[in-house]
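Everything below concerns the one structure shown next.
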Number of protein chains: 2
Amino acid sequence: MNTNDIAVKMVLDRWFASIKNFEALLNAFSDEQLQREVAPGKNRGIYLLGHLIAVHDDMIRLLGFGDKMYPELQEAFLTKPDKVATEIPSVAALRAMWTSHNDALTKKINGLKPEEWFEGHTAVSAEDFEKEPHRNKLNIMLTRTTHLQYHIGQFIFLK
Amino acid sequence: MNTNDIAVKMVLDRWFASIKNFEALLNAFSDEQLQREVAPGKNRGIYLLGHLIAVHDDMIRLLGFGDKMYPELQEAFLTKPDKVATEIPSVAALRAMWTSHNDALTKKINGLKPEEWFEGHTAVSAEDFEKEPHRNKLNIMLTRTTHLQYHIGQFIFLK
């Protein structure tokens, strides 16, 4: 195993471990619990769930895996803060979306060869990537892992 | 820049960006604010600050940079949960420790060559490292970055 492959393994391990942490909490919380704010005046569990699906859905695009699966979530869970969108999916619907989405994303991630992770992501131009080769697909995984952990730190407060 | 150097840059960039996020909050909060719980019944700001210093202090040891600077924090901020230790440093003292510690750690981090990040950390045996080469120094940076982000997600609730 060369150091490239090691670096890829390290980042993907952290991603999958973080997903596992989040899913353990998600499965432990009832639908009713997810309707609560994680702290007084802060986001509700349901918002964080929708937000994470929306952010991870954009990874599909950034990693060149195809089109977003749930572009309709963007408005309610990314553009708008919690409690602003008047119609959002039910907790049950979001749970189903999370599972379908994460299964699809996992398959795509596992299908990429180590060296492909060092290719530019789809939001960086060839010219910029030449100068900033860290703007690669692996960096998308890394920044989304830290984003996920940030919200897990909040989500766990529903306990 | 080869892909090794790129991977190291990516991880260190995330570390330093996370430290910057945390420090921006730390500097924005008053001592009195840091005495509050981040959410009802959860850790106080002062505990999270002490906890992060203690965890980052252990990185000094794991990365082979020398001895911990503040081993006395371990008991109150790692072994014990919040509100259990009867005597803890003041917020002012912890702020000073954070700054001294982070300055020292930053210098050490910046002094390491890219290839040295792929060496085993000090808590893995040569034999295990042979089989599990991802247990390297860079992985310490990665796991502590996700740990830091997890707590930043909570610390920000003091706002």
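What to note about this one:
- Residue within the stretch B:128-148 that is within 14 Å of another protein chain (Cβ to nearest Cβ), at pLDDT 95 or above, within 16 Å of the chain's Cα centre (by Cα) and open to solvent by 50 Å² or more (accessible area, probe 1.4 Å) present: yes
- In the stretch A:106-127, the qualifying residues are those that are under 27 Å from B:Asn2 (Cα atoms) and of a type in the set (D, E, K, R), and the one that is farthest from the other protein chains (Cβ to nearest Cβ) is A:Lys108.
- The number of residues in the stretch B:22-51 that are of a type in the set (Val, Ile, Thr) and more than 14 Å from every other protein chain (Cβ to nearest Cβ) comes to 1.
- Residue that is farthest from the chain's Cα centre (by Cα), among those in the stretch A:149-159 that are more than 7 Å from chain B (Cβ to nearest Cβ) and open to solvent by 30 Å² or more (accessible area, probe 1.4 Å): A:Lys159
- Count of the stretch B:70-105 residues which are open to solvent by 70 Å² or more (accessible area, probe 1.4 Å) and among the hydrophobic types (A, V, I, L, M, F, W, C): 1
- First in the stretch B:1-16 and more than 8 Å from every other protein chain (Cβ to nearest Cβ) and open to solvent by less than 50 Å² (accessible area, probe 1.4 Å), second anywhere and basic (Lys, Arg) and in a helix (DSSP H, G or I), Cβ under 8 Å, 6 or more apart: B:Trp15/B:Arg144
- Matching entry among B:Val8, B:Val55 (being in a helix (DSSP H, G or I) and under 18 Å from B:Ser100 (Cβ atoms)): B:Val55
The values are calculated or read from the model by the stated rules, or taken from the named source; none is laboratory data. These numbers were taken from a predicted model, which means no experiment stands behind them. With ideal geometry, Cβ positions are generated from the backbone for all residues, glycine too; neighbour counts draw on all protein chains shown. We work out accessible area using only protein heavy atoms, side chains counted, and drop any ligands, DNA or RNA first. Shrake-Rupley method; radii C 1.70, N 1.55, O 1.52, S 1.80 Å.
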